[in-house]
């Protein structure tokens, strides 16, 4: 892992999550500081909860200032170029899907490295991928969108995580990871294109 | 501790908390994944916050997959047998009261084992018993019910916790625990039967 | 640090945060227990999140029962003397500003002591100063006030934190801290007096 391509995708994922947080906050008419905080929380929330739950402290984003500076720069750019970024909705959505896949598998790997059992690792990966958005919604006083009727999101993480566990048995770990990441992104994209949703009871 | 009866009661408590979370989520028309997450959070929220605060990581439910599977199975059952379970309101309420008592005393014991002072341990027990429901309400965008006018809930935990501290001085620990658990359940049940509430200022 | 004056100011800050939480909760018509919890969370929320993020567990307020008892006493006083305290709005506001400055610098110092990089320490200080109020608002089902248009709050923490980092280079640490604390309080007070706010996009 950690090929150049993956570092770039992780970066793009962080950027996409940051922008998604910034836009949600601007829609609620928060002030500039509020927008920065929501953007930050959206980008690091999932990884932070994962680190706290497994006891990996100080949490990842505190270990150097790269994450903080990247998120700050991105959020400021989102604020200043608000009008232009709106036209890149599709691009943003694709980044978000890439970030979701990568964050999920990174989170799972951290759990496996810590010796946790596989079922728990799938949950940990899903938390890593999805919880930033949950925190964003709670802080903005909305019911988290991933709990409501929308196109598959967390479900893609769970299926991709289980796929990764299966593939690891007989494929090289790097290849298994790559396939799982592509599967999560792909499912998420197809779900939006074809309107795949979970039932409501 | 850990007699067979107590393992069963702990299980029933987890089941009751899971079902209570699942029903709250279904009332808000969440999709199936949302219902599972809210059910899960309601069941493990209190213990997770306790573990994070005292630094017992990975947190309890991550150490094996029993909790995850029990909660998953229970929540799925709640979803599929929604109509029938509704008729067991009283049964559910009694499980919840049992779970409340047991979780509170388990939480306190963890604090005492970690050498924390007794006042803090009562708070830790109360957090363990009550915080799952608080998280459930925050995620569903409600003001937590235990903060509003309703029958004694956390108050029963606090009184039961203080009773446990007193009884420990001159009784066998197992007996003191049992009495405290019964006291918490009993107070909660009586509070609902007789409508005992705290005043509002 | 830890001159007598500072212990007193820290105490006053805790008291002010407690009272601010208690009043917010009483406005929402919570019962007595709800008021106590919200008061408690407002007072210790920022420090608790800081401790969890850097892995300093059991978290500070659990290490002895002073914090718990001070907050309990203060919150009960706020409940019983509700009518009279309302007339001390200005006094409360000044305590809150003092607490904000002191909590921010205490939080930063913990980060520096843990060897975290300076940018992260400023964020940690800001979290320590502000997060109690954020949690209070989330539990009361409001969008956190510090994210919305109001007089500078977190911004004062950030500027004061950066000032502290600069001053440390060539001043005695105690003096640098004192200046930074005064700067944060002062900015907050001037912001309210002159209506300084951040722009909304």
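Per-residue Cβ counts within 10 Å, from other chains only, averaged over B:110-121: what number is that? Walk me through the numbers before you get to the answer.
Working: counts 0, 2, 0, 0, 3, 1, 5, 6, 1, 7, 8, 2.
Per residue, the average neighbour count from other chains is 3.
For a footprinting-style exposure proxy, rank A:128, A:74, A:91 by other Cβ within 10 Å, fewest first.
Details: A:128 29, A:74 22, A:91 13.
Arranged by neighbour count, lowest to highest, A:128, A:74, A:91 become A:91, A:74, A:128.
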| query | What is the order of C:49, B:30, B:167, C:190, fewest Cβ neighbours within 10 Å to most? | reply | C:190, B:167, C:49, B:30
| task | Arrange the peptides B:36-44, C:63-71, C:191-199, A:31-39 so that the one whose residues have, on average, the most other Cβ atoms within 10 Å appears first. | result | B:36-44, A:31-39, C:63-71, C:191-199
| field | Residues residue A:10 and residue A:80, FRET efficiency given R0 of 25 Å [Cβ-Cβ distance, rounded to 0.05] | value | 0.55
| Helix axis angle, B:66-80 relative to chain B longest principal axis, alpha carbon, degrees | 40
| Under the definition of partner shielding as Cβ atoms of other protein chains within 10 Å of a residue Cβ, what is the mean value for peptide C:177-183? | 0
| message | How are the alpha carbon pair distances in the stretch A:4-194 distributed across 10 Å bins from zero to the largest one, expressed in percent? | response | 10, 38, 37, 13, 2, 0
| query | Based on the Cβ-Cβ distance from residue B:170 to residue B:70, what FRET efficiency comes out when R0 is 25 Å, to the nearest 0.05? | reply | 0.10
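Other chains' Cβ within 10 Å of C:49-60 residues: what's the mean? Each step should come with its number before you reach the end.
Values: counts 1, 0, 4, 9, 8, 4, 10, 3, 10, 10, 4, 0.
The mean count of partner-chain Cβ atoms within 10 Å per residue comes to 5.
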| note | Projected onto their principal axes, the Cα atoms of the stretch C:128-200 stretch, largest extent first, over whole-Å spans of 44, 26, 18
| note | Going fewest to most other Cβ atoms within 10 Å around each Cβ, C:155, B:90 line up as B:90, C:155
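In percent, how large is the relative contact order of chain A, given Cα pairs closer than 8 Å and 6 or more residues apart?
Working: 273 pairs, mean separation 46.9, N = 201.
Relative contact order of chain A: 23 percent.
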| Using 7 Å Cα-to-Cβ label points, what is the residue B:145/residue C:28 separation (nm, one decimal)? | 1.7
| query | What is the stretch A:65-150's relative contact order, in percent, from Cα pairs under 8 angstrom and six or more apart in sequence? | reply | 19
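Can you give me the relative contact order of the stretch C:127-201 as a percent, contacts being Cα pairs under 8 Å and 6 or more apart?
On the way: 57 pairs, mean separation 26.5, N = 75.
This gives 35 percent for the stretch C:127-201.
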| query | For the protein assembly as shown, what is the per residue volume of the convex hull drawn over the alpha-carbon atoms, in cubic angstrom? | reply | 155
| field | Part-to-part distance (alpha-carbon centres) for the stretch C:138-160 and the stretch A:71-100, which is given in Å | value | 24
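Each reported figure results from applying straightforward, stated rules to the coordinates on display, with no laboratory input. Given the structure is predicted, the values throughout are model-derived calculations rather than measurements. With ideal geometry, Cβ positions are generated from the backbone for all residues, glycine too; neighbour counts draw on all protein chains shown.
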